[in-house]
1. Restricting to the range 320-341, what's the tally of residues that are modelled with pLDDT of 90 or more, among the hydrophobic types (A, V, I, L, M, F, W, C) and farther than 30 Å from PHE303 by Cβ?
2. Using the structure shown, decide if VAL356 is assigned to a helix (DSSP H, G or I), modelled with pLDDT of 85 or more and touching a helix residue (DSSP H, G or I) at 6+ places or on another chain (Cβ under 7 Å).
3. Kindly indicate the residue of the range 108-118 that is crowded, with 19+ Cβ neighbours inside 10 Å and not polar (S, T, N, Q) and also modelled with the lowest pLDDT among those meeting that condition.
4. Restricting to the range 23-55, give me the number of residues that are outside any strand (DSSP E or B) and either at pLDDT below 80 or aliphatic (A, V, I, L, M) (or both).
5. Go through the range 95-118 and give me each residue that's out of contact with any Pro (no Cβ under 9 Å at 6 or more places or on another chain) and closer than 15 Å to VAL6 by Cβ.
6. Determine if the range 617-633 includes at least one residue that is at pLDDT 80 or above, open to solvent by 60 Å² or more (accessible area, probe 1.4 Å) and more than 30 Å from TRP587 (Cα to Cα).
7. Of the residues THR234, THR208, which single one is modelled with pLDDT of 80 or more, among the polar types (S, T, N, Q) and in a helix (DSSP H, G or I)?
8. Checking THR158 against (1) within 30 Å of ASP526 (Cα to Cα); (2) of a type outside the set (Lys, Arg); (3) touching a helix residue (DSSP H, G or I) at 6+ places or on another chain (Cβ under 8 Å), which single condition isn't satisfied?
Amino acid sequence: MCADFVVWQGLHNRDLSSSISLLRKSGFGVSVREAKGREYLVVRASRRVLEVEAEHVGLLKRRAADGLTEEFSAGEGEKFARYRCSDFFEDWEIAWLSGSLLGQLSSLSDATIIPLHDRKTLESIEWLRTIASPEAQLTAYFGPRIGVYFAWMNAFTTWLPVPAVVGLVLFIRKRLAGITIDDDPYAPFFSLFVIAWSALFEAWWPRTEAAYAHKWGVFALQEDRFLATKFQRTRLLAAKHQDLDLRRKRRRRILAYLLSVVVTAFTLVVAGAWHFVSLNVQGYVQRTSTIDSYAYYEPAATFGKRLLAADPTGLAPTLLHVLVVRQLNSIYRSIATHLTALEQHETKQNAENALVLKRFLFEAFDAYAALFYLAFVNFDIVKLRTELVTIYSVDAVRRFTVESFIPGLSTLLFRPWAAGGTAAAAVPPTTAPVPPTTDAPPRTTPPRTKGGDDDDEKAGYTSSSSSESSTSTNGGEDQLRLVEYENFDDYLEIVIEFGYVTLFASAFPLGPLLSLVCNVIEMKNDVLKLLFVSRRPLPGLSITASTTADVGASIGVWHSVLRALVWLGVLTNTALFAFTSEQMAAWLPSLFVRQHTRADAVAKQGKGPTIILLAFALEHLVALLVLLIQSLVPALPDFVVHDHARRSAEKMSVAKQLRREKLVTLANANKGNALNDVFFTRRYC
């Protein structure tokens, strides 16, 4: 077990020797390499340095005696299971602890630090043999931040077959009965089932997430979040000029929030304008319709007709829409990153959540705007279903082509390390240098106890100060060419897909089935991208992740997004049932009338308020059902709560014992003092 890091950009010849010296004094093995005339370092932490860092961050390991977890202690290593084994620390733990140590070295403040892939470990991950992702192997190598995504994907995919089967049965019955989704009387029951299913999944997932975090040893009821770098500097200044500085910071943050709102609103207007153009190009807006006449744009409609005439498949307008939307999303990604930086959030987690919410708001608008127009402005459920089918088809092909096929092909052709070879050249990485959170030197290592030099050699760690350090891959320079891994798009695609299933269940019963197929393909794409296309990501939120909470065994703010989609689904499905389709008319024909044989059903004169009241009451009943489901499912499993309480009690017991020993020492030093004797007797006797 090993984890090598490349220290690349920001190193200068005048700083290279001092950096090497500091790294070796800190317990790192160092190897100097060269690519295109520039030198870079490959470093690896020794076993004893990792043990000290594991004790500092409170890494949980299992005791040998009873199998229960306890915070690791370097001086009591023998009490932990498999302490003498080379795989005592998992791959992700080694990478996390090493990255945490490197982040503390002030001499590397301007350097780019990335972990290297271990080719042998990558080859051992079995990701093609099963439908589900190997979340256990992926977690052991990449860490809980990556593992929780694949665990969530596996869970979502496991839950999909039930609504998929129900939706398929409804679709077959509709075909045999010769009816459309517009007047299918059983479609509302399917949408009710999907709402209950999605609410149950959303309420159940936090329990599973907590169980996974407990299993991986990173669960905490109250997570410690380190201050973001800029806000930390501001708070240090506020200690001297508290009132003035805090007032200035509040004003700046308020202005930054206002700027974010204005800029985001403007970009949404631009995106909305494109959606109107796209709807005209795709032929969904017609001049003959009273409602559509306000959105009709003749040049776009004419261009769409020519495009459809040249493309017999009819997919060209949709492909054009997808390409433009991706470009808009790419532009707003850069804008949102700068806006979030200006807001100077107090913690890294808050900054990440703010960025996720901005990007999700914009990209969800791009995904759902046209669908909402067809459903609740055009009131055409048939066109809505057609658009959903097209989106699923095109998006599945786009995901595989853009995210995996093209990058994977270029990786195999131009990154020989993925196939087991080596390369002779490298180019500088594209990521920006990672700023340090402190200029303090790293923690010093204590004298060796049991498991010293021999154990370091057995574990495969380089603790010598020689210039040679075997790397975990063939040719670290090849990995510098790989793109940086980002899981936002992975989460976004599945959450958007969850929205398709939940928001428009009444219009598209085959949605869960298509989502099931897309999920299986997406999981394989994501694993392929992670193993062979992207750089190895750090286990924590950043290079400075220094607590188990920062490792990120949670889907974070995405859970809140899922909950919002469930509640929004209550509204959309009720509106589809009552206003967009004729599904209510199939059950309550006395409230509707057809002026012609094949005309749409419209409300009878004077029955409009009744229909609105019924829809309002139905929406409240479904909302009550969702609230009941969410309240009946506990957020945490009992065994997680009990184990956390046990560790807290053990900590308190140890702390109390230490205080007692200290007081006994003071009592012995002040023996004969009557007041001290009375205090000690009352406190401990």
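The values are calculated or read from the model by the stated rules, or taken from the named source; none is laboratory data. Here the structure is a predicted model, which means the values were calculated and not measured. In this analysis, Cβ positions are derived from the backbone assuming ideal geometry, glycine residues included, and neighbour counts consider all displayed protein chains. The area values use the complete protein model at the heavy-atom level, side chains included, leaving out ligands, DNA and RNA. Shrake-Rupley method; radii C 1.70, N 1.55, O 1.52, S 1.80 Å.
1. 2
2. Here the answer is yes, as VAL356 does meet what is asked.
3. Ranking the qualifying residues of the range 108-118, first place goes to LEU108.
4. Residues in the range 23-55 being outside any strand (DSSP E or B) and either at pLDDT below 80 or aliphatic (A, V, I, L, M) (or both): 7 in total.
5. Selection gives LEU116, HIS117, ASP118.
6. Yes, because at least one residue in the range 617-633 is at pLDDT 80 or above, open to solvent by 60 Å² or more (accessible area, probe 1.4 Å) and more than 30 Å from TRP587 (Cα to Cα).
7. Unique residue meeting the criteria: THR208.
8. (3)
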